[in-house]
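J.: Take a look at the following structure, please.
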Amino acid sequence: MIATSLQRWEYLCDIIPALLKNIGEEEFSFKPLPSKWSKKEILGHLVDSAANNHQRFVRVQFEETPVIGYNQNEWNRYSYHQLQSGQQLIAAWEGYNRLLLGIARHIPESLLQRTCVSGGAGLVTLAFIIEDYVVHLEHHLRQVVSY
């Protein structure tokens, strides 16, 4: 299943940036309600997710059951994604995801069953984290673009 997730992730890295670049800044920044994220903030959330999952992908390999969670709303708020340019967020999303994909591809199979405590998910394996990361990406990317 990891192989399928990695293939899907590579596909997303290849197709999504061009689709995102077709979104005008006004549409990208539009907030349907003050409490709802704009498309820009959704993409920013995926950058925040990449930053936090980067720690999971690396630390789970050598630490004994690390606890790695984060407050997604506060990360979004204090990263000021709504104030960033859309192009900057697209570049950050693509670069970070290509980096993480490279890391995930090199994790030895023998380490994929190591565990961490991951926010609301509780105790999970590294394999689960990788697969869930791709599911999470697709869930939010579909809120921003059609593919």
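The values are calculated or read from the model by the stated rules, or taken from the named source; none is laboratory data. A quick note: this is a predicted structure, and the numbers were derived from the prediction, not measured. Ideal geometry is used to build each Cβ from the backbone, glycine not excepted, and the neighbour counts take in all protein chains shown. We work out accessible area using only protein heavy atoms, side chains counted, and drop any ligands, DNA or RNA first. Shrake-Rupley method; radii C 1.70, N 1.55, O 1.52, S 1.80 Å.
J.: Pulled fully out, how much extra length does the chain show between V117 and L19, if you take 0.36 nm times their separation in residues and subtract their Cα-Cα distance?
T.: Extending this stretch completely gives an extra 31.9 nm.
J.: Test of understanding: what is the full-extension gain from E109 to R77, defined as 0.36 nm times their sequence separation minus their Cα-Cα distance?
T.: 7.9 nm
J.: Counting only protein heavy atoms and using a 1.4 Å probe, what share of the accessible area of the chain belongs to carbon plus sulfur, as a whole percent?
T.: Within the chain, the accessible surface is 55 percent carbon and sulfur.
J.: By how many nm would the segment from K31 to V135 grow when fully extended, if each residue of separation counts as 0.36 nm and the alpha-carbon distance is taken off?
T.: 35.0 nm
J.: Right, another one. Excluding same-chain residues fewer than 8 positions from K21, which lysines have a Cα within less than 17 Å of its Cα?
T.: Reachable lysines: K39, K40.
J.: Moving on. Evaluate the charge dipole of segment 1-57 about its Cα centre and quote only its size in Debye, nearest 20, assuming +1 on the Cβ of each Lys and Arg and -1 on the Cβ of each Asp and Glu.
T.: My answer is approximately 180 debye.
J.: Still on this structure, please answer the following. Per residue, how much accessible area does the chain show when a 1.4 Å probe rolls over the protein heavy atoms, in square angstrom?
T.: So the chain comes to 53 Å² accessible per residue, rounded to a whole number.
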